[in-house]
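The values are calculated or read from the model by the stated rules, or taken from the named source; none is laboratory data. Just so we're clear, the structure is a prediction, and the values are computed from it rather than from any experiment. Note: ideal-geometry Cβ built from the backbone for every residue, glycine included; neighbour counts use all protein chains shown.
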Amino acid sequence: MTKKYKTIGIICEFNPLHNGHKYIMDHARKALGADRIILVMSGDYVQRGEPAIVSKEARTRMALESGADAVFELPLLYCASSAEYFARGAISVFNALGCIDILLFASEEGSLELLSKAADILIDEPVKYREMLINAQSEGLSYAAARMKALAVYFDKKETNFLTLSNNILAIEYLRALRVTGSTIQPVTIKRLGASYNNTKIHRVNDSCSPKNTASITASATAIRRAIVNSYNAVSPASVAKALQNSPDNRQDSIHDLIRSSMPQFAYDILMSSPRVYPNNFSSLLKYKLTLERDKGFAQYLDIDDDLSNKIRAKLPLFTDTESFIQLLKSKDLAYTRISRALLHIVLNIRSDLAETARKEGYPVYLRLLGLRTASSDILRSVSDDAPIISRLSDADKMLSGTALSLLRQNITASDIYHQINGDAVSDYSRTLIRL
């Protein structure tokens, strides 16, 4: 008789993997008793609409070293989209696998009560919510901001702050996706450890999963990336010191030591030995694509309407690099990440029609295995028979069809572009399964 494992799923980017991520993995093993941990991870691009700082291969190695048993790739369409698409795509991968018992995720809230209430309102859309949403949009707010304002009516003033926090927003979408798809996966959340998603400070915290309850340094992936850009690439070291304002007991540490201390040593070693990619590395490619298609506009791409298309065309003569161009386009109703995703969609040819087809078909996915712990190879036998696993891209055309195949081909092209930028220029077809 085949042993029944407790299998925990975690949705991640690991951009890069840091102490807070390792804490979640350890919590899955020690506190929840996971026999197996399966990850769905963004590939070479992340939800902020940026290239990942290192490739999916490097980050898969980080994941396996941190205790994951298997790592599956989240299709590009979902990993470079809004929280709703990101969550729905990732949950669709786990549902297709058919072997996940628990979905574990960190949130600023740390409890399911308020998060579940918000998710239910978004699904059921009561009349009061719909009226508030329409009114908020008529005031010129973006859809995301209007939705948050409409949701806030259902919560006490002291509770409404949780609606604006990044991990809480994703958590609500995870819960929403689980309910909408009728998933049997049980959600479990823990409070995010240390720094929040966009926090640029480094914190020293006690790790309750450690048998000695030892203090560790945590920083958000945002803080680590910013520090690496500024410190290791010799750009404005003074801004690093300001960005990474530390608690008094950390101020004698060097910036390099703080970065190293914010990550497990294996993750730091992989990060620093891998080619690193930043948004501005795509500046020439972006300007070329914008210039090439300026006359016909950009409204055919995902997340771009006529107004944003016209704004991009008008501001194009002022283009100097990707990040400063995003700042030029940003406004009250257009957040930085929304514009960043929109520009990435232009570069990678992610069109609205494919996204709409995917939505109508219930967010189809492919199951591309990026990495596997050799000792856990038997985990693949627990995957649903209806879910073919792609470990070699040369087999994909025989295993997939329709929208799922279109999504995979889109992903392959985008990864090849990423690797052209980072300098190794090896096709995605030539890459092999990462084993530990």
One residue is enough: does segment 251-259 have a residue meeting the conditions in contact with a Pro (Cβ under 9 Å, 6 or more places away or on another chain), at pLDDT 95 or above and buried (at least 18 other Cβ atoms within 10 Å of the Cβ)? no
The residue that is nearest to residue 377 (Cα to Cα), considering only those in segment 388-414 that are out of contact with any strand residue (DSSP E or B) (no Cβ under 9 Å at 6 or more places or on another chain) and in contact (Cβ under 8 Å) with a residue 60 or more places away in the chain, is 407
If we keep only residues of segment 301-330 that are touching a Lys or Arg at 6+ places or on another chain (Cβ under 8 Å) and within 15 Å of residue 341 (Cβ to Cβ), then the residue surrounded by the fewest Cβ atoms within 10 Å (Cβ to Cβ) is 329
Is it the case that segment 299-320 has a residue that's touching a strand residue (DSSP E or B) at 6+ places or on another chain (Cβ under 8 Å), within 22 Å of residue 421 (Cβ to Cβ) and in contact (Cβ under 8 Å) with a residue 60 or more places away in the chain? yes
So is residue 204 surrounded by 13 or more Cβ atoms within 10 Å (Cβ to Cβ), among the basic types (Lys, Arg) and at pLDDT below 90 or not? yes
Of these, 314, 342, 335, which one is modelled with pLDDT under 95 and of a type in the set (Gly, Ala, Ser)? 335
Counting only residues that are more than 23 Å from residue 16 (Cα to Cα), give me the helices (runs of 4 or more DSSP H) lying completely in segment 265-344 with at least 3 of them. 283-292, 306-315, 322-329
Flagged in segment 400-423 as more than 24 Å from residue 352 (Cα to Cα) and modelled with pLDDT of 95 or more, in numbering order, are 419, 420, 421
Any residue at all in segment 162-177 that is surrounded by 13 or more Cβ atoms within 10 Å (Cβ to Cβ), of a type outside the set (Phe, Trp, Tyr) and more than 30 Å from residue 331 (Cβ to Cβ)? yes
List the pairs whose first member sits in segment 256-270 and is within 16 Å of residue 64 (Cβ to Cβ), whose second member is basic (Lys, Arg) and assigned to a helix (DSSP H, G or I), and whose Cβ atoms are under 7 Å apart, counting only residues at least 6 apart or on separate chains? 264/22; 268/260; 270/61
With 426, 383, 365 as the choices, which residue is modelled with pLDDT under 95, touching a helix residue (DSSP H, G or I) at 6+ places or on another chain (Cβ under 7 Å) and surrounded by 17 or more Cβ atoms within 10 Å (Cβ to Cβ)? 383
Please work out which residue is nearest to the chain's Cα centre (by Cα), limiting yourself to segment 129-165 and to residues that are modelled with pLDDT under 85 and assigned to a loop (DSSP other than H, G, I, E, B). 142
Of 429, 363, the only residue that is under 26 Å from residue 277 (Cα atoms) and of a type in the set (Phe, Trp, Tyr) is 429
